[in-house]
1. Long-range amide H contacts for ARG162: which residues qualify at under 5 Å (H placed 1.01 Å from N, peptide plane, sequence gap of 5 or more or a different chain)?
2. Using a/c under 1.5 as the rounded threshold, could you call the chain rounded, prolate or oblate? The axes a ≥ b ≥ c are square roots of the C-alpha gyration tensor eigenvalues, and prolate needs a/b larger than b/c, oblate otherwise.
3. Please name which of THR201, ALA25, MET65 has its Cα lying farthest along the dipole of the chain towards the positive end, using unit charges on Cβ (Lys, Arg +1; Asp, Glu -1) and the Cα centre as origin.
4. What length, rounded to one decimal in nm, is gained on full extension from SER19 through to TRP110, with 0.36 nm per residue of separation minus their alpha-carbon distance?
5. Decide, for the range 99-207, between rounded, prolate and oblate: order the square roots of the alpha carbon gyration tensor eigenvalues as a ≥ b ≥ c, take rounded if a/c falls under 1.5, and otherwise choose prolate if a/b is larger than b/c, else oblate.
6. So what's the angle, to the nearest 10 degrees on a 0 to 90 scale, between helix 2-16 and the longest Cα principal axis of the chain?
7. Could you tell me what percent of the accessible area of the chain is made up of carbon and sulfur, with a 1.4 Å probe and every protein chain present?
8. Give the ranking of ARG58, ARG231 by solvent-accessible surface, highest area first, calculated with a 1.4 Å probe.
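The values are calculated or read from the model by the stated rules, or taken from the named source; none is laboratory data. Quantities reported herein were computed from a predicted structural model and do not represent experimental measurements. When we count neighbours, we look across all protein chains shown, and the Cβ atoms used for this are built from the backbone with ideal geometry, even at glycine. Only protein heavy atoms, including side chains, enter the accessible area calculation; ligands, DNA and RNA are left aside. Shrake-Rupley method; radii C 1.70, N 1.55, O 1.52, S 1.80 Å.
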Amino acid sequence: METVYSEIIRSFVDTYGLSRGQVIAEIEKTFSSMLSRWHGQDVMALFTGDRLEAMGYRRGGNGLMEQVPIELTTMRGWNSIRRILEQNLEKAACLQEVARYKKREHALFWGEIVRKNSDGGLLVEVEIEPGKPVIAECPAHHIGIHEREELLAGQRRAFHLRRVEPVLLKTCSRLRVRVDRVSKNLVAKLLRDGARNPETTIRCLNRYVGHKSFVESSAFLPKKVILAARRELKEHIQVKVVRTARGCRA
């Protein structure tokens, strides 16, 4: 039986990208919950080496708590436990992914538009982590009116990572990523990436999407950098150089 558990743990590690410790913890938690429900008493399931053991706790006639070993080798209901376990592992893997991606919220990403929805929103393929593309949503109201008709599938454009969150679709845990083209951060990040100077503080004070953005910079920005951001966003960008930088770094 120990060999069977080792193979199960290994397969779950490979499938969900979790550590061995995380998989073991989810197995113990799931078995404890399901067995407690089935036996009508508190049950604790724990791994001892590669062997899973379960112990029930109930109050005896003398009022004291008694430990009752639960035999797992002859237990029925394995399919139900495996189904619940897979859902829990999928949720844990999703939450782990969300935690990593959350650190990149409000960053600039270049992504390829893969589909334009009937309501004008976009589905965009972005790589929040190198080599791991995900599909992000860009709702129509997060796109400037001036470019809603111009953005088409196949184009590669700049997007601001607005929000990362887990969602539940029926019983499946999924990652939801939302991006936009209207944030002030997008202006500042485009200029900062173009300037390639980590010491330069760039801050977008106001943005009137599709018309004009007002930016402060702690250093001179090359004209080609400003023009490149202007072409990408299709709006005028006015940069004021302020030698004593105010505000936080973009």
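1. For ARG162, whose amide H was placed from the backbone, the distant partners under 5 Å are HIS106, ARG178, VAL179, ASP180.
2. Since a/c reaches 1.5 and a/b is larger than b/c, the shape of the chain is classed as prolate.
3. Looking along the dipole axis, the top candidate is THR201.
4. Numbers: separation 91, 0.36 × 91 = 32.76 nm, distance 3.07 nm.
Length difference between fully extended and current span is 29.7 nm.
5. Here the range 99-207 falls in the oblate category.
6. Helix 2-16 and the main axis of the chain meet at about 20 degrees.
7. Details: 7340 of 14530 Å².
Taking all protein chains in place, the chain shows 51 percent carbon and sulfur surface.
8. ARG231, ARG58
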